[in-house]
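The values are calculated or read from the model by the stated rules, or taken from the named source; none is laboratory data. Owing to the predicted nature of the structure, the values given are computational and were not obtained by experimental measurement. In this analysis, Cβ positions are derived from the backbone assuming ideal geometry, glycine residues included, and neighbour counts consider all displayed protein chains. Note: areas computed on protein heavy atoms with side chains; ligands, DNA, RNA excluded. Shrake-Rupley method; radii C 1.70, N 1.55, O 1.52, S 1.80 Å.
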Amino acid sequence: MASVPTGPEGRTAAWELLLPAASAPARSRGRALQAALREAVRAGRLTPGTRLPSSRDLAADLGVSRGLVTETYEQLTAEGYLRSGRGAGTWVGDAVRAARPRARDLAPRPGGDRADFVPGTPDLSLFPRAAWGAAQRSVLAQLPHEALGYPDPRGLPRLRTALAELLTRRRGVVADPERLVVVSGVAQATALLASVLHARGVRTAGVEDPGSPRHDDLYASAGVATVPLPLDEEGLALGPLHDSGVRAVVTTPAHQFPTGIAYSARRRAALLDWARSVDGLVLEDDYDGDFRYDRAPVGALQGLDPERVAYTGSVSKSLAPGLRLGWLLVPEWLADDVVERKRTTDLGHPALDQALFAHFVERGEYDRQLRLCQRAYRERRDVMVAALAEHFPGSRISGIAAGLHAIATLPGRYGPEERFLARVGRAGIAVRSLAEYGHRPDGEEEVAGKAVRLVLGYAHLTPGRIRAGVESMARAV
């Protein structure tokens, strides 16, 4: 068995790693010494079978009392980190097998590309740190103690009232605070609804094709299969919708993702007629409804029939997705089930975050943030359109002037699309094809044509980086 010598080598192994703990304040020195020795064993710096110095010697080396070392040895022996025998000294035990844990970061991060046009990310540098910090200080100073207990699973009444006013004013919804649920983003709103629908016997739900792939995963997690439904120039195609047999459908009518179209007034009315005829539900994902650049935003579909539309949105595009803060307006006939599912899922959204955002909304700071983002994103879209016209003559931008991405169709001479994507990828440019957002059955290949159709995100890029990125893309092909 290994032992710790009494010379310099022994000091390195046995006590130099404990010196910071020995220098801790007197009241916490014992706990610090135990933690340091425990971590040394866990990390393998003191291996099983290593003999430790006597309590007298270690106390002298560290400049602490012998009783403190004796107490440390006894505590770690009781926990299994050390072992001892009468007259045989103290040894590192062999029960510990845990290596030092390493926390991995699984969050999606930019891949270090020369240019990244992948859609969906806002400009996080626009986050209002000063105003947010001031709101946090104010809320902490004023928040009553009882507000830090378990909240109403729907959310703090103060925030639900502020959100109801905001959404009524900005998005034209019918917002009853009693039917508004604060959630950790659109993903949780979708998962809650999918779970409630499954409990009511729903086994299939329609999704837009092309559309966001996350809807498939969220519904699948609740045991609900998704049925892809094609679009035409006005929105969901009515024939396939009626033929599908579904009674629930997920839509993005204000700015369809990813095609960029807005549902026509006629199609919006027809979609609601369908929902009434099948006693069904439309989930309206209003992911970027505030950002319209050519006119005032079209009001939410939910305002036309609050009993047939569940409405959801979040601050992910306006503030930051990392805040995990959103809202869900539900029809009265679903409200109790959704609230109960929210309660059993997480006992409610964090109360401090809710109070902070309520303060932010009430003082007009959120409206100011929306105006700031709208100006920035409109400028960046204009720069993107101009750069494409300059470097890809004949390219066409489709969809409405809105949101955080644009659909660009490049002339056939730049295709076929597969070759185009391969070339720009080798040049370190991240782009997404519109075809990537289609719902194709497993094994079914999409026949690539000559035209190149791209979904280009621009909100997270400065105007200079947009111009340089488009120029680099043109050089690559």
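Residue 475 - would you say it is more than 29 Å from residue 230 (Cα to Cα), modelled with pLDDT under 95 and open to solvent by 60 Å² or more (accessible area, probe 1.4 Å)?
Spelling it out, residue 475 is indeed more than 29 Å from residue 230 (Cα to Cα), modelled with pLDDT under 95 and open to solvent by 60 Å² or more (accessible area, probe 1.4 Å).
Do you know which residues across the stretch 326-358 are open to solvent by 10 Å² or more (accessible area, probe 1.4 Å), among the hydrophobic types (A, V, I, L, M, F, W, C) and farther than 13 Å from residue 154 by Cβ?
333, 352
Let's see how each residue does on (1) more than 20 Å from residue 151 (Cα to Cα); (2) in contact (Cβ under 8 Å) with a residue 12 or more places away in the chain; (3) not hydroxyl-bearing (Ser, Thr, Tyr):
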position: 337; (1), (2), (3): no, yes, yes
position: 341; (1), (2), (3): no, yes, yes
position: 349; (1), (2), (3): no, yes, yes
position: 366; (1), (2), (3): yes, yes, no
position: 370; (1), (2), (3): yes, yes, yes
position: 389; (1), (2), (3): yes, no, yes
position: 392; (1), (2), (3): yes, yes, yes
position: 404; (1), (2), (3): yes, yes, yes
position: 408; (1), (2), (3): yes, yes, yes
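When you scan the stretch 155-166, do you find a residue that is at pLDDT below 95 and crowded, with 17+ Cβ neighbours inside 10 Å, even just one? Steps first, please.
From the stretch 155-166, those at pLDDT below 95 are none; that's our starting set.
Scanning the stretch 155-166 turns up no residue that is at pLDDT below 95 and crowded, with 17+ Cβ neighbours inside 10 Å.
So residue 237 fits all but one of (1) more than 23 Å from residue 454 (Cα to Cα); (2) small (Gly, Ala, Ser); (3) without any contact (Cβ under 8 Å) to a residue 12 or more places away in the chain; what number is the exception?
(1)
For the stretch 432-459, enumerate the residues that are assigned to a loop (DSSP other than H, G, I, E, B) and at pLDDT 95 or above. Let's see the steps before the verdict.
First, the residues of the stretch 432-459 that are assigned to a loop (DSSP other than H, G, I, E, B): 438-451, 458-459.
If the condition is that a residue be assigned to a loop (DSSP other than H, G, I, E, B) and at pLDDT 95 or above, then 458, 459 are the ones that fit.
For the stretch 387-440, which residues satisfy the criterion of being of a type in the set (D, E, K, R) and crowded, with 18+ Cβ neighbours inside 10 Å?
Once the filter is applied, which keeps residues that are of a type in the set (D, E, K, R) and crowded, with 18+ Cβ neighbours inside 10 Å, the stretch 387-440 yields 417, 432.
Consider residue 235 carefully, then state whether it is over 18 Å from the mean Cα position of the chain (by Cα) and surrounded by 19 or more Cβ atoms within 10 Å (Cβ to Cβ).
Against the criterion (over 18 Å from the mean Cα position of the chain (by Cα) and surrounded by 19 or more Cβ atoms within 10 Å (Cβ to Cβ)), residue 235 qualifies.
Within the stretch 44-149, considering only helices (runs of 4 or more DSSP H) that don't extend past its boundaries, which have at least 3 residues that are in contact (Cβ under 8 Å) with a residue 40 or more places away in the chain and open to solvent by 60 Å² or more (accessible area, probe 1.4 Å)? Even if it seems obvious, please write down each step before you answer.
On the way: elements: 55-62, 66-79, 129-142.
So the answer is 66-79.
Considering only residues that are more than 18 Å from residue 285 (Cα to Cα) and either in a strand (DSSP E or B) or not basic (Lys, Arg) (or both), which ones fall in the stretch 191-203?
198, 199, 201, 202
Residue check, residue 249 against (1) over 25 Å from residue 198 (Cα atoms); (2) touching a residue at least 12 places away in the same chain (Cβ under 8 Å), all met but one. Which one?
Status for residue 249: all satisfied but (1).
Could you please find all residues in the stretch 326-361 being assigned to a loop (DSSP other than H, G, I, E, B) and either at pLDDT 95 or above or not aliphatic (A, V, I, L, M) (or both)?
If the condition is that a residue be assigned to a loop (DSSP other than H, G, I, E, B) and either at pLDDT 95 or above or not aliphatic (A, V, I, L, M) (or both), then 330, 331, 348, 349, 350 are the ones that fit.
Scan the stretch 32-40 and tell me whether some residue there is buried (at least 16 other Cβ atoms within 10 Å of the Cβ), touching a Lys or Arg at 6+ places or on another chain (Cβ under 9 Å), small (Gly, Ala, Ser) and assigned to a helix (DSSP H, G or I).
The answer is no, given that none of the residues of the stretch 32-40 is buried (at least 16 other Cβ atoms within 10 Å of the Cβ), touching a Lys or Arg at 6+ places or on another chain (Cβ under 9 Å), small (Gly, Ala, Ser) and assigned to a helix (DSSP H, G or I).
This table checks each residue for (1) farther than 21 Å from residue 364 by Cα; (2) modelled with pLDDT under 95.
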site	(1), (2)
276	yes, no
285	yes, no
291	no, no
296	no, yes
300	yes, no
308	yes, no
315	no, no
318	no, no
321	no, no
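Looking only at the stretch 172-190, which residues are of a type in the set (Ser, Thr, Tyr) and within 12 Å of residue 283 (Cβ to Cβ)?
190, the sole residue that qualifies.
Can you pull out the residues in the stretch 177-190 that are of a type in the set (A, V, I, L, M), assigned to a helix (DSSP H, G or I) and within 20 Å of residue 306 (Cα to Cα)?
Passing the criteria: 186, 189.
Being open to solvent by 20 Å² or more (accessible area, probe 1.4 Å), among the hydrophobic types (A, V, I, L, M, F, W, C) and in contact (Cβ under 8 Å) with a residue 12 or more places away in the chain is the filter here, so list the residues in the stretch 203-221 that pass it.
Matches in the stretch 203-221: 218 only.
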